[in-house]
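The values are calculated or read from the model by the stated rules, or taken from the named source; none is laboratory data. Remember, predicted model here, so these are calculated numbers, not experimental data. Ideal geometry is used to build each Cβ from the backbone, glycine not excepted, and the neighbour counts take in all protein chains shown. The accessibility values were calculated without ligands, DNA or RNA, using every heavy atom of the protein model including side chains. Shrake-Rupley method; radii C 1.70, N 1.55, O 1.52, S 1.80 Å.
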Amino acid sequence: MKKIINCRSLIIIYLFLASFSLYAQNVLDRLDPLSGGVLFRNKVFNKNSEQVKGTPYLNDEFTISEITGANKLFLTRYNIYKDEVEISYENETFIIPKDKRFDTILNKNLNYKLVLTNYTSVNDENTYGYLIELFSEKETGLFKREKIILIPARESGNSYSRSVPSSYNKINPDFYLKTNSETIIPFPKNKKALITLYPKNSQNISKYLNDAKISFKKEADLIKLTKFIGTL
């Protein structure tokens with residue numbers, strides 16, 4: 001008799017879990033029917049015990065964004081340190097999977113566009129991640145990779161010094177140039193490196209750099225330069 005009761009209990013538990021799973025999937029499909037709920041499957045678990053100064057985010061607040069492959073607007077924020085985009089829904093936080101279906105996040109509030117793409121990093125590594133699109137037209141484009149590093153905590157060595165908690169520190173971003181529909185590389189650091197990419201247009205590029213007084217360290221100048229390259 002005891003075995004029969006245990007068996008019935010297991011069946012009831014199984015049916016409950018199955019029905020709950022089906023219910024959960026139906027909820028996800030209603031929220032995001034085009035992606036089958038994929039946007040809500042990677043939950044973020046916050047570690048409140050971590051005491052880290054600063055922020056890993058481009059902006060701490062969740063703001064309204066349009067996501068390709070989804071059928072509605074969502075509240076998102078970009079984790080620069082982890083190179084992840086988070087979605088907030090009903091006090092829960094989820095990570096958008098790095099899936100080509102969701103390769104563009106257009107933030108309506110802060111007016112920036114994140115593009116999920118393949119590119120060659122400044123460390124000469126093949127990377128699949130997010131870049132902020134500054135300009136893109138046909139075969140030419142300019143992108144920015146914001147960068148944040150984590151500085152480890154430092155314990156007090158003696159009574160005369162204080163312990164320093166770990167902290168997120170924002171450093172200078174990297175810029176990337178799209179040279180064709182499939183190639184995105186680090187933006188050349190100087191005139192010589194740029195001309196090496198476009199040897200047939202060396203005279204036009206040299207003249208433009210001199211006339212426009214372009215600085216390779218200013219974002220606004222890099223946008224102008226990229227637009228000019230697109231006309232060659």
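Inspect the range 185-195 for any residue being touching a residue at least 60 places away in the same chain (Cβ under 8 Å) and not in a loop (DSSP other than H, G, I, E, B) and give the result as yes or no. Checked the range 185-195: at least one residue is touching a residue at least 60 places away in the same chain (Cβ under 8 Å) and not in a loop (DSSP other than H, G, I, E, B). Across the range 89-103, the qualifying residues are those that are open to solvent by 30 Å² or more (accessible area, probe 1.4 Å) and in a strand (DSSP E or B), and the one among them that is nearest to GLU133 (Cα to Cα) is ILE95.
When THR127, THR179, THR226 are checked against the criterion of being at pLDDT below 95 and either aliphatic (A, V, I, L, M) or in contact with a strand residue (DSSP E or B) (Cβ under 8 Å, 6 or more places away or on another chain) (or both), a single residue qualifies: THR179. Quickly run through the range 192-218 and pick out the residues that are open to solvent by 50 Å² or more (accessible area, probe 1.4 Å), of a type outside the set (D, E, K, R) and under 32 Å from the mean Cα position of the chain (by Cα). Once the filter is applied, which keeps residues that are open to solvent by 50 Å² or more (accessible area, probe 1.4 Å), of a type outside the set (D, E, K, R) and under 32 Å from the mean Cα position of the chain (by Cα), the range 192-218 yields THR196, LEU197. Taken as a whole, the condition of being over 30 Å from ARG154 (Cα atoms) and modelled with pLDDT of 95 or more applies to ASN118. Residues that are assigned to a strand (DSSP E or B) and closer than 10 Å to PRO56 by Cβ within the range 78-88 comprise TYR78, ASN79, GLU84, listed in sequence order. Of the residues making up the range 43-51, none is at pLDDT 90 or above and either under 30 Å from SER163 (Cβ atoms) or small (Gly, Ala, Ser) (or both). Of everything listed in (1) open to solvent by 40 Å² or more (accessible area, probe 1.4 Å); (2) within 22 Å of GLU125 (Cβ to Cβ), the single unmet condition for SER163 is (2).
Within this structure, ILE171 passes the test of being touching a strand residue (DSSP E or B) at 6+ places or on another chain (Cβ under 7 Å), open to solvent by 40 Å² or more (accessible area, probe 1.4 Å), under 23 Å from TYR130 (Cα atoms) and aliphatic (A, V, I, L, M).
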